Amino acid sequence: MSGGEGLDVLVVGGGITGAGIALDAAARGLRTGLVEMGDWASGTSSWSSKLVHGGLRYLYQLDFALVHEALAERGRLLTTTAPHLVKAQPFLWPLKHAYERSYSAIGVGMYDALALASSRGHRTVPIQKHLGRKGTRALAPALQTTGLAGSIRFYDARVDDARLVIDLVRTAVGLGALAANRTRVTGFLTDARGHVGGAAITDLETGAVHEVRAERTINATGVWTEATQDLATDAGGLKVLASKGIHIVVPKETIDAETGIFLRTEKSVLFIIPWPRYWVIGTTDTPWSEDVDKPVATAADIDYVLNHANEVLSRPITRDDIIGVYAGLRPLLQPRLKPGRSPEQASSTRVSREHTVTRVAPGLTAIAGGKLTTYRVMARDAVDHALGEGLAHAHPCTTADLPLVGAARYRALAAHAGDIARERGWTLARVTHLLDRYGDEVPALLATIDDDPDLARP
Ligand SMILES: Cc1cc2nc3c(=O)[nH]c(=O)nc-3n(C[C@H](O)[C@H](O)[C@H](O)COP(=O)(O)OP(=O)(O)OC[C@H]3O[C@@H](n4cnc5c(N)ncnc54)[C@H](O)[C@@H]3O)c2cc1C
């Protein structure tokens with residue numbers, strides 16, 4: 001699109017948002033660059049609850065549009081764009097009183113109905129199932145029986161968040177994007193009229209500074225948004241507050257259950273999420289005003305998670321069971337306006353409950369907020385905004401059905417998982433593990449192993 005040697009779009013930040021934007025822009029045929037100061041997904045995007053979900057709790061706030069949008073994205077990821085990475089995940093919602101059942105069933109029922117509507121009548125996960133005490137205990141013997149009236153089983157999905165980011169980056173690179181991690185934006189190239197025409201980037205391994213010219217630059221740096229935009233201007237842009245969420249990790253044998261467990265808490269919700277070898281339990285929601293590079297869990301955070309999980313578990317989890325704790329920061333948005341401007345005058349700002357896109361300066365767009373699940377919608381909105389109406393119309397978003405690397409032939413290959421296991425003398429679990437990680441790139445992996453059999457060792 002640009003006539004010169006520079007990029008059409010330079011994206012700053014290699015979390016889910018920036019990686020999604022780089023793919024969106026590259027898929028539109030734009031010359032795209034992506035820089036990340038740490039490793040891919042090293043910011044918030046590897047410390048999430050790792051759920052691809054519509055957000056059942058938003059239904060109780062009657063935010064149907066938000067849930068509908070997220071469920072549509074969940075369906076797309078499960079079926080088309082990343083079926084190798086994103087897996088349907090059942091959760092049991094334990095009920096203490098019989099009267100809770102109708103209240104919970106209405107919410108879950110609406111969740112199922114919205115999921116069906118958002119995927120044009122095609123069911124991507126099973127619908128809710130009501131279980132009595134016996135059925136609940138059969139699926140989750142770990143649940144306390146005293147005060148247990150039964151449960152509702154509903155479905156969401158889970159994903160290895162960091163791997164999703166890496167697959168987005170690799171797909172973008174496959175479409176011609178340039179991507180560099182350990183590369184930090186340390187300044188913007190601004191002309192006398194304040195127009196941003198690219199960025200100064202520092203290679204953090206060599207210290208070398210390069211100038212990258214770009215028609216449009218998009219700031220997707222999550223909780224670093226303000227620090228990044230301050231390099232260009234001290235007026236306007238987004239104001240992002242950090243809210244901390246923590247998770248604890250316990251070994252699989254600590255909790256005897258075949259499904260995840262969902263609990264409502266006085267503040268929000270708590271998930272007990274199964275992974276092949278561990279349970280991930282969280283999360284919390286507390287303000288964080290310390291260094292955004294180093295969020296940490298406090299003893300009080302850990303107590304909060306333990307206490308809520310132990311309300312329903314027959315054998316309480318203790319600190320001795322915990323083998324890992326991690327903390328991440330949600331980028332929460334607040335309006336930040338140019339001096340003397342009222343909110344109504346900030347016309348270039350597109351605010352939604354979940355994410356916001358705004359023009360920080362001519363040539364520089366910022367996006368923040370949202371969640372992992374809706375990264376594709378955020379990316380589309382950010383690129384549309386950066387291009388402006390006319391160009392966005394000429395170069396429309398094409399990611400709705402675009403498979404990420406590993407996705408396109410995953411199902412066909414997965415149907416032969418048993419054959420691969422037999423041929424190799426491996427367990428089916430091992431082959432499934434590789435397929436759920438590398439999708440249709442498994443044959444390339446097997447070819448590498450044929451060249452160097454040592455690589456087959458787990
Ligand atoms: C505890 C918790 C649980 C969550 N659970 C879920 C969930 O289950 N499902 C869901 O859908 N969402 C979830 N979310 C939300 C989701 O994780 C975030 O919305 C999302 O990861 C934010 O991604 P991001 O790309 O905007 O930010 P980040 O992932 O933080 O990416 C920003 C990147 O910018 C880089 N950067 C900063 N400054 C510069 C610079 N100057 N130059 C170059 N690079 C720079 C940083 O290193 C960072 O990697 C959760 C969030 C939290 C905190």
- In segment 239-285, how many residues are more than 11 Å from the ligand (Cβ to nearest atom) and under 30 Å from Leu364 (Cβ atoms)? 2
- The residue that is nearest to Trp224 (Cα to Cα), considering only those in segment 299-330 that are open to solvent by 60 Å² or more (accessible area, probe 1.4 Å) and within 16 Å of the ligand (Cβ to nearest atom), is Arg330
- Message: Any residue at all in segment 91-99 that's in a helix (DSSP H, G or I) and open to solvent by less than 50 Å² (accessible area, probe 1.4 Å)?
- Response: no
- Query: Residues in segment 31-72 that are near the ligand (Cβ under 9 Å from one of its atoms) and among the charged types (D, E, K, R): how many?
  - Reply: 3
- Query: How many residues, within segment 196-215, are in contact (Cβ under 8 Å) with a residue 24 or more places away in the chain and either out of contact with any strand residue (DSSP E or B) (no Cβ under 6 Å at 6 or more places or on another chain) or open to solvent by 40 Å² or more (accessible area, probe 1.4 Å) (or both)?
  - Reply: 3
- Residues of segment 375-402 being assigned to a helix (DSSP H, G or I), open to solvent by less than 60 Å² (accessible area, probe 1.4 Å) and without any contact (Cβ under 8 Å) to a residue 12 or more places away in the chain, in sequence order, are Gly390, Ala392
- Counting only helices (runs of 4 or more DSSP H) entirely within segment 403-458, those with at least 2 residues that are surrounded by 12 or more Cβ atoms within 10 Å (Cβ to Cβ) and touching a residue at least 40 places away in the same chain (Cβ under 8 Å) are 410-414, 428-438
- Item | Some residue of segment 37-50 being surrounded by fewer than 24 Cβ atoms within 10 Å (Cβ to Cβ), touching a strand residue (DSSP E or B) at 6+ places or on another chain (Cβ under 8 Å), at positive phi and of a type in the set (D, E, K, R) | yes
- Item | Failed item, numbered, when Ala232 is tested on (1) in contact (Cβ under 8 Å) with a residue 60 or more places away in the chain; (2) buried (at least 16 other Cβ atoms within 10 Å of the Cβ); (3) closer than 22 Å to Ser104 by Cβ | (3)
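Results for (1) in contact (Cβ under 8 Å) with a residue 60 or more places away in the chain; (2) under 23 Å from Leu372 (Cβ atoms); (3) in contact with a strand residue (DSSP E or B) (Cβ under 6 Å, 6 or more places away or on another chain), shown as yes or no for each residue.
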site	(1), (2), (3)
Gly107	no, yes, no
Pro126	no, yes, yes
Lys134	no, no, no
Gln144	yes, no, no
Ala149	no, no, yes
Ala157	yes, yes, yes
- Could you list, in sequence order, all residues of segment 268-288 that are open to solvent by 40 Å² or more (accessible area, probe 1.4 Å), within 22 Å of Ile255 (Cβ to Cβ) and part of a loop (DSSP other than H, G, I, E, B)? Trp275, Pro276, Arg277
- Identify, from the list Asp191, Asp167, Asp156, the residue that is of a type outside the set (Val, Ile, Thr), away from the ligand (no atom under 14 Å from the Cβ) and open to solvent by less than 20 Å² (accessible area, probe 1.4 Å). Asp167
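Would you mind stating whether Asp161 is in contact with a His (Cβ under 7 Å, 6 or more places away or on another chain), closer than 24 Å to Lys252 by Cβ, open to solvent by less than 10 Å² (accessible area, probe 1.4 Å) and within 16 Å of the ligand (Cβ to nearest atom)?
Values: in contact with a His (Cβ under 7 Å, 6 or more places away or on another chain): no; closer than 24 Å to Lys252 by Cβ: yes; open to solvent by less than 10 Å² (accessible area, probe 1.4 Å): yes; within 16 Å of the ligand (Cβ to nearest atom): yes.
When the stated conditions are applied, Asp161 does not pass them.
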- Can we say Asp291 is in the same structural domain as Ile323 (by TED's automatic domain parsing), within 30 Å of Glu226 (Cα to Cα) and open to solvent by less than 60 Å² (accessible area, probe 1.4 Å)? no
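The values are calculated or read from the model by the stated rules, or taken from the named source; none is laboratory data. Keep in mind it's a predicted model, so treat the numbers as computed, not measured. Quick reminder, even Gly has a Cβ in these numbers, built from the backbone with ideal geometry, and neighbours come from all protein chains shown. Accessible surface areas use protein heavy atoms only, side chains included; no ligands, DNA or RNA. Shrake-Rupley method; radii C 1.70, N 1.55, O 1.52, S 1.80 Å.
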